[in-house]
Amino acid sequence: MKKIILITLLSAITLSCGGNEDDPIPSASNCKITNAAFVEDTSNGYGNLTSYAITYTGNNITKMDGGSTVYLYEYNGNLLKRHRKYVGGQLKTVADYLTDQTGQVLRMDFDHYNGSIIASEDHITFTYAAPNKLIRMFHYHDTDDETEEDIYITWTGDNPTKYESFDENNILQWTTNFTYDLNKENKFNQNFKNFMFYEHGDDWIKHVMYQSKNEMTFAGFIPSSPPGNFNITYNYYQNSGFHTAINYQGSIGRKFDYNCN
């Protein structure tokens, strides 16, 4: 199964941080993520996380440092313009972004390097039914004009409830259905618009998890092969609704650390 790899970023970040249980919940505008950990290769299963230390310039993330792998970001004002990926100090990828005036990503163009030579190029286009309501991602290559993956997302109200992946022959490869707790708003997503663009890896669930108004509780994969079906639970900072961990059937899928002024 081919998976789309999104190695991107959007601009302003605001979120809550930790403290003792008697502390008041700090304003999200006073907080920034200092570390984000997630699964980069789902073939190894969940729970095996890679951590990135995050550096800001103003309210924009300008560096994500995972040790051997580093991402550097450039902006036009507060709108994301470009990112560069380095592995072992060597440039591997340059990605340019087309955004609208709100910062919503419409297109990504990738150049992948082998030494100083561009070895391959590919593109991803994003289609929205409304602001922050992504309904299609189309990934294709320049060299042979081949479709890598075509993804459609179906919404029910303010939550994405179905994810369908088609191959280069427009054959449906797999479907995932999602359910939500409609009584619990996703405070994380309210303060981190389109956070899926921060993740670097092939975890398909990010394409919907970071867009929903409510908290996702279940993902059902058809056909039921790895990663399969699983329940989703969360750890929070106090009662703020901001996630410190997102758990898939008992395994940690994501972790976040914060700093607040």
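Data overview
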| quantity | calculated |
| --- | --- |
| Burial ranking of peptide ranges 84-90, 112-118 (average Cβ count within 10 Å, highest at the top) | 84-90, 112-118 |
| Amide H contacts of Glu40 (H built 1.01 Å from N, under 5 Å, at least 5 apart or other chain) | Thr50 |
| Subset of Lys85/Lys133; Lys32/Lys162; Lys162/Lys184; Lys32/Lys255 violating a 24 Å alpha-carbon distance limit | Lys85/Lys133; Lys32/Lys162 |
| Prolate/oblate/rounded label for segment 31-144 (Cα gyration tensor, a/c 1.5) | rounded |
| HN-Hα J in Hz across segment 253-258 - Karplus 6.51, -1.76, 1.60, θ = phi - 60°, x for Gly and Pro | x, 8, 9, 9, 10, 9 |
| Exposure proxy order (Cβ contacts within 10 Å, fewest to most) of Val94, Val105 | Val94, Val105 |
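All of the numbers you see were taken from the coordinates with simple rules; none came from a lab. Please read these numbers as outputs of a predicted model, since none were measured by experiment. When we count neighbours, we look across all protein chains shown, and the Cβ atoms used for this are built from the backbone with ideal geometry, even at glycine.
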